[in-house]
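Engineer: Could you have a look at this structure, given as structure tokens, before my questions?
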Amino acid sequence: MKRPNIILTGFMGSGKTTVGKLLARQLGYQFVDTDHLIEQRCGMTVPKLFKQKGEETFRAMEADIAKELGAGQGMVISTGGKLMLDPKNAQVLGSSGRVFCLIASPEETLKRVSLENGGKRPLLDTRDPLERIITLLQERQAGYSRFCRIVTTGKSPEEVGDDVLKIFRENFDLSSPLANKDL
């Protein structure tokens, strides 16, 4: 029996890793974080990889991993914030399962990332990180809106996981376009 993947995308701090691990445990699936997988394979952090080898190298590694994971099944895949904005990556991963975009308000995003890793996120190393989050979310809105959106602000990881599972179990069909509504 085929075990379609669940692919989680969205901006940093939206809950992809936390919800992804929870879903993987509930379903008996493997959890894969694409950024973590890249770090394991190249032996350095994503920020260090960007600095030493450049964004082009990182994006090429993302594309290779998308192809690899798209050929698998039984996984909950947490993607880097821009991986699914590339149409080729979205196609190859989306063909293996259902894509969900987790969404948090800019204020909630800032609060969450401030608690993680001492708040050190290169994209937010600015005088006004909230303004930067708002700008980046606006830039990515069209790409993210292609996927079924699940709002995470004001919800526990368990509630978000329940929202994802409800859609996944009731409406899963690889041949249909993704639902384009917020939950």
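The values are calculated or read from the model by the stated rules, or taken from the named source; none is laboratory data. Source: prediction; values computed, not measured. Cβ sites come from the backbone with ideal geometry, for glycine too, and all protein chains shown count toward neighbours.
Engineer: Looking at 26, 40, 52, which one is farther than 23 Å from residue 108 by Cβ and either among the charged types (D, E, K, R) or touching a residue at least 60 places away in the same chain (Cβ under 8 Å) (or both)?
Structural biologist: When all the criteria are applied, what remains is 26.
Engineer: Checking residue 159 against (1) at pLDDT below 95; (2) over 19 Å from residue 84 (Cβ atoms), which test does it fail?
Structural biologist: (1)
Engineer: Restricting to the stretch 46-87, name every residue that is within 13 Å of the chain's Cα centre (by Cα), within 23 Å of residue 136 (Cα to Cα) and not charged (D, E, K, R).
Structural biologist: 66, 77, 78, 79, 80, 81, 83, 84, 85
Engineer: Given the criteria within 22 Å of residue 109 (Cβ to Cβ) and either outside any loop (DSSP other than H, G, I, E, B) or over 14 Å from the mean Cα position of the chain (by Cα) (or both), does residue 90 qualify?
Structural biologist: yes
Engineer: Now, a different point. So which residues in the stretch 8-40 are under 18 Å from residue 90 (Cα atoms), of a type outside the set (A, V, I, L, M, F, W, C) and in a helix (DSSP H, G or I)?
Structural biologist: 16, 20, 34, 35
Engineer: Let me ask you something else. Among the residues of the stretch 94-103, which ones are outside any strand (DSSP E or B) and farther than 18 Å from residue 142 by Cβ?
Structural biologist: 95, 96, listed by residue number.
Engineer: When you check residue 65 against the structure, is it touching a residue at least 24 places away in the same chain (Cβ under 8 Å), closer than 30 Å to residue 169 by Cβ and touching a Leu at 6+ places or on another chain (Cβ under 9 Å), yes or no?
Structural biologist: When the stated conditions are applied, residue 65 passes them.
Engineer: Look through 80, 54 and report the one residue that is surrounded by 15 or more Cβ atoms within 10 Å (Cβ to Cβ) and among the small types (Gly, Ala, Ser).
Structural biologist: The conditions single out 80.
Engineer: Checking residue 101 against (1) within 16 Å of residue 145 (Cα to Cα); (2) crowded, with 21+ Cβ neighbours inside 10 Å; (3) modelled with pLDDT under 95, only one condition comes out false. Which one?
Structural biologist: Here residue 101 meets the rest and fails (3).
Engineer: Sticking with this structure for a sec: Would you confirm, using the coordinates I've provided, whether residue 62 is in contact with an Asp or Glu (Cβ under 8 Å, 6 or more places away or on another chain) and either in a helix (DSSP H, G or I) or modelled with pLDDT of 95 or more (or both)?
Structural biologist: Against the criterion (in contact with an Asp or Glu (Cβ under 8 Å, 6 or more places away or on another chain) and either in a helix (DSSP H, G or I) or modelled with pLDDT of 95 or more (or both)), residue 62 qualifies.
Engineer: A further question on this structure: Filter the stretch 135-155 for residues that are surrounded by fewer than 17 Cβ atoms within 10 Å (Cβ to Cβ), more than 17 Å from residue 15 (Cα to Cα) and not polar (S, T, N, Q) and give the result.
Structural biologist: 139, 142, 143
Engineer: Condition first: without any contact (Cβ under 8 Å) to a residue 60 or more places away in the chain and surrounded by 21 or more Cβ atoms within 10 Å (Cβ to Cβ). Can you find one or more residues in the stretch 5-19 that meet it?
Structural biologist: There is no residue in the stretch 5-19 that is without any contact (Cβ under 8 Å) to a residue 60 or more places away in the chain and surrounded by 21 or more Cβ atoms within 10 Å (Cβ to Cβ).
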